[in-house]
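Right, one structure below, let's go through it.
Taken together, the values in this text are just the output of simple stated rules run on the coordinates, not laboratory data. Bear in mind the structure is a predicted one, so any value in this text is a computation, not a measurement. We place every Cβ from the backbone using ideal geometry, glycine too, and count neighbours over all the protein chains shown.
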Amino acid sequence: MSTNMPHEEYSDEPQYPPIKDLSWWGKKVSEAEAQHEEHMTRTHLVNGLPAIFNTNDVEESAKQLAEEVKADFIEALAFEWSRPADLEENASRCEVEKVKTQRILESLNTIMMSRLRRHVPHLSSTVTDSEPRLEAAWRVGGIELERKVRVFFESRENLKKWLDWPRDRSIQYLGNPVLHVRANHPLQPIIGDQESMNEQLEVPQNSLDPRIYGNRDVRRYMTNIPGFWPGDDHRFGILSFLGRDYQLSEIFDTRPDEDRVEMLHCQAIMASFAWLFSQACYLGFSTYQDVTYPLVSQTVISNGQHWSFYAYQLNTTLLHFQNTANNPKRNVCWSSQPVKLFESIDNGHVKGLNMDVLKTLVKFYLNEPKERIGVNLTPYLDPETPMVSKIEEEDKRVFLENLFKKVSLNGKKHEPDPEYWNWEWIYKIKNKSRPQEARRRPFELWQDPWRLSFYELSRKYVPKARRKNPKSNKEKWEKTYYP
Amino acid sequence: MSTRWYPLYQMGNPQLRIFLPNFFMKLVKPKYSEPPNRVTFEVSMGMSRYDVKNYLEKIYKIPVISVQTRVTPGELKTTAGYVTKEDDYKTAFVVLEKSVNFSFPDLFAAGLKEKEYEKEMKSLEATKREYRKQQERNANRPGLPGWFSF
């Protein structure tokens, strides 16, 4: 029997709250998710890329550079496209596509970087991550109460007034991008503060439980990892490449094209938001500390043949409690329809090449990240010790580093999860029919085994040999430096 | 259409007719808030997701996008000292086209339910009062049957 121990709804410091796992592996694909995603991230979706990509200068340079890059680009594309995937015989279409996508995008990115470097100086100071680890976690308000919580509240008079209060849910996003390109400076914002508060940029409200869309409750530490560790100079993402292998799964076989396009939009919104949000966390912002300046990222979803381009501006990270309805700022995602780069590739010859796609890709590389003058990039971080590694006190530094590693690892516990047997559920918990037995189990002793034991919560014992003053009792317990 | 085993088709056999199929689908009110294009059914335990999808598509001509099923074990109760279990049931969450808006209708008008409830409570209170009066009258003759009178 799986563990489903009742635990108190209210506690002073909830530890490891159960959270919804939104891993975007694309295997569990559900309908009507666009509204849900937009609500989760407070995003307004715009059709068409922003005007900054269509100015005359950008058009001309993109056209010129696209012609330059074309030959090498096509050669690499044809080579990688024709190369077999070398997987097992019974590998699914999605797995094959995934391997091919990764190879194609990596080689194309290398070509673009090496050829454009001469003309586009900022590319020399970028860093490319291959298959980086992208995790982001935040809290969203305005979600309906879970049913069992609703039943509990309805049974108590003093809790009835909280029935319709918007509730927060913790969301964890686990992504699997193909490539990340990072730079020292952030991209320029696309729209100003005033426009980001424009009420006409509607954000759909969807208060349904995320579990309806196939997301699961998971117990893990909430982690925000944008693909690199803190301390990296290149802490602003400028371009990310995502794969679309899930579109080959069976569920899309009978669906119209609009559903496929909508799935791409959802994927882009979530991936862009998650990447920018985790970068913002490294800069000192969070769900409860709003970003003081907008962050921008560009996303490309492709499998080599079909390409979609997205630009995302993160204006706000306040999403909890009533902010889903009341926060004037909103995030904006500019999207494009998926376009074919080529019709087919036969014997290394690319047929029906669409230069517009190549031009748009070049425009994304041309977008220069500039230093934000006069803006404090980390207003909420202590200027002397913005990172744990800068802390001089050794005990504190070691403690915090170990804590960070433990949390970001999300490792398995060495002890098994608490559980009870089926017969115990039937004869001891649900129908108390065995009063003659000795009470030894946690549910008979009013203990909640999911709560951390006193031993775990309490500080560690320091043996006398390791104390600075062996005879002192004051140094008996290890000091903790929880932030 | 049914979980029974039917004879394999051979060339020349007549059209197979299935009598008394043991597949059923019952439309129920969802316990949780659902998106407008999701409908909840209680289905026979022998039905799989593909069976539910085919049932709706072939018989009722409703295009179905996906189906999620869940088996809920029956409640365990104690009656007369014995622990008994109700039957398990399977719930199917059927996702229809996005343009479809379905909401389970209100079968009972709200106001009517309250009135009926008040009526029943009133009659219950009256019965209680009568019972208490009768007890008081027969306080010094406990255990006497109600039909006994002087």
- Note on the structure: So the angle from the long Cα axis of helix A:355-366 to the longest Cα principal axis of chain A, reported in degrees to the nearest 10, equals 60 degrees
- Taking a ≥ b ≥ c as the square roots of the Cα gyration tensor eigenvalues, with a/c under 1.5 meaning rounded and otherwise prolate when a/b beats b/c or oblate if not, segment B:3-79 comes out oblate
- Item | Cleavage-rule hits (chymotrypsin sites (Phe, Trp or Tyr not before Pro)) in segment A:408-483: DSSP loop, at most 15 neighbouring Cβ within 10 angstrom | A:Trp421, A:Trp446, A:Tyr481
- Query: Fewest first, what order do B:Met11, A:Met112 take by the number of other Cβ atoms within 10 Å?
  - Reply: B:Met11, A:Met112
- Could you pull out which residues in segment B:30-57 have an amide N less than 19 Å from a spot 7 Å beyond the Cα of B:Phe104, following the Cα-Cβ vector? B:30-45
- Query: How long is the protein assembly as shown along each principal axis, judged by its Cα atoms, biggest number first, in Å?
  - Reply: 117, 98, 51
- What is the order of A:Asp356, A:Asp346, fewest Cβ neighbours within 10 Å to most? A:Asp346, A:Asp356
- Relative to the longest principal Cα axis of chain A, at what angle does helix A:394-409 sit, 0 to 90 degrees, rounded to 10? 70 degrees
- Query: By DSSP, what percent of the beta bridges with both residues in chain A are antiparallel, rounded to the nearest 5?
  - Reply: 80 percent
- Query: Which far-off residues, 5 or more places away or on another chain, put their amide H under 5 Å from the one on A:Thr317, with H placed in the peptide plane?
  - Reply: A:Val291
- Query: Got the relative contact order for chain A handy, in percent, Cα pairs under 8 Å and 6 or more residues apart?
  - Reply: 22 percent
- Return the lysines within reach of A:Lys428: Cα separation strictly under 24 angstrom, same-chain partners fewer than 8 residues apart disregarded; answer none if there are no such residues. A:Lys148, B:Lys77, B:Lys85
- Task: Could you work out how far the C-alpha centroid of segment A:86-101 sits from that of segment A:242-289, in angstrom?
- Result: 22 Å
- Item | Förster-model FRET efficiency, 45 Å R0, A:Asn54 and B:Ile62, C-beta, rounded to 0.05 | 0.50
- Item | Prolate/oblate/rounded label for segment B:45-146 (Cα gyration tensor, a/c 1.5) | oblate
- Estimated FRET transfer efficiency (A:Lys479, A:Asn376; beta-carbon r; R0 30 Å; 0.05): 0.40
- Task: Rounded to the nearest 500, what is the 222 nm mean residue ellipticity of chain B from helices alone, with -39500 (n - 2.57) per DSSP H run of 4+ residues and division by all residues?
- Result: -7500 deg cm²/dmol
- Task: For A:Asp356 and A:Ser472, compute 0.36 nm times the residue count separating them, minus their Cα-Cα distance, and round to one decimal in nm.
- Result: 34.3 nm
- Query: To the nearest 10 degrees, how steeply does helix B:110-137 sit against the main Cα axis of chain B, on a 0 to 90 scale?
  - Reply: 30 degrees
- Search the structure for amide H atoms under 5 Å from the amide H of A:Arg220, placed 1.01 Å from N in the peptide plane, and list their residues when 5 or more places away or on another chain. A:Ile19
- Task: Under 12 Å Cα to Cα from A:Lys390, which aspartates and glutamates show up? Leave out anything in the same chain fewer than 8 places away.
- Result: A:Asp382, A:Glu401
- Message: Would you work out the Kirkwood radius for segment A:314-396? I mean one over the mean of 1/r across all pairs of different Cα atoms, in Å.
- Response: 18.9 Å
- Cross-link partners among lysines for A:Lys70, C-alpha distance below 22 Å, same-chain residues fewer than 8 apart left out? A:Lys100, A:Lys340, A:Lys351, A:Lys359, A:Lys363
- Message: Between B:Gly12, B:Gly46, B:Gly111, where does the largest GNM mean-square fluctuation fall for chain B, given springs only between Cα atoms within less than 10 Å?
- Response: B:Gly12
- Message: Can you compute the modelled spin-label distance between A:Arg434 and A:Lys390, with each label point 7 Å from Cα toward Cβ, in nm?
- Response: 5.9 nm
- Item | Relative exposure of A:His349, A:His36, A:His414, judged by other C-beta atoms within 10 Å (fewest first) | A:His414, A:His349, A:His36
- segment A:395-466 - Kirkwood radius from inverse mean 1/r over Cα pairs (Å): 16.1 Å
- Return the sequence-ordered ³J(HN,Hα) values of segment B:29-38 in whole Hz as given by the Karplus equation 6.51 cos²θ - 1.76 cosθ + 1.60 applied to θ = phi - 60°, using x for Gly and Pro. 6, x, 6, 10, 5, 10, x, x, 9, 10
- 222 nm mean residue ellipticity, helices alone, for chain A (DSSP H n ≥ 4; -39,500 (n - 2.57); rounded to 500): -9000 deg cm²/dmol
- Query: So how much slack lies between A:Arg156 and A:His349, counting 0.36 nm per residue of separation and subtracting their Cα-Cα distance, in nm?
  - Reply: 62.3 nm
- Query: Karplus couplings for segment A:66-82 from phi (6.51 cos²θ - 1.76 cosθ + 1.60, θ = phi - 60°), rounded to Hz, Gly and Pro as x?
  - Reply: 4, 4, 5, 7, 3, 4, 4, 4, 5, 4, 5, 4, 4, 4, 5, 5, 7
- Message: Can you list residues from other chains, or at least 5 along the same chain, whose modelled amide H is less than 5 Å from the amide H of A:Ser336?
- Response: A:Gly48, A:Phe309
- Item | Cα principal axis extents for segment A:90-183, largest first, Å | 70, 43, 15
- Message: Would segment A:151-291 count as rounded, prolate or oblate if I go by the C-alpha gyration tensor, calling it rounded below 1.5 in a/c and otherwise prolate when a/b exceeds b/c, oblate otherwise?
- Response: oblate
- Task: Would you calculate the separation in nanometres between label points at A:Val339 and A:Glu67, each defined as 7 Å from the Cα along the Cα-to-beta-carbon direction?
- Result: 1.8 nm
- Where labels lie 7 Å past Cα in the beta-carbon direction, separation of B:Tyr32 and B:Arg141 in nm: 6.2 nm
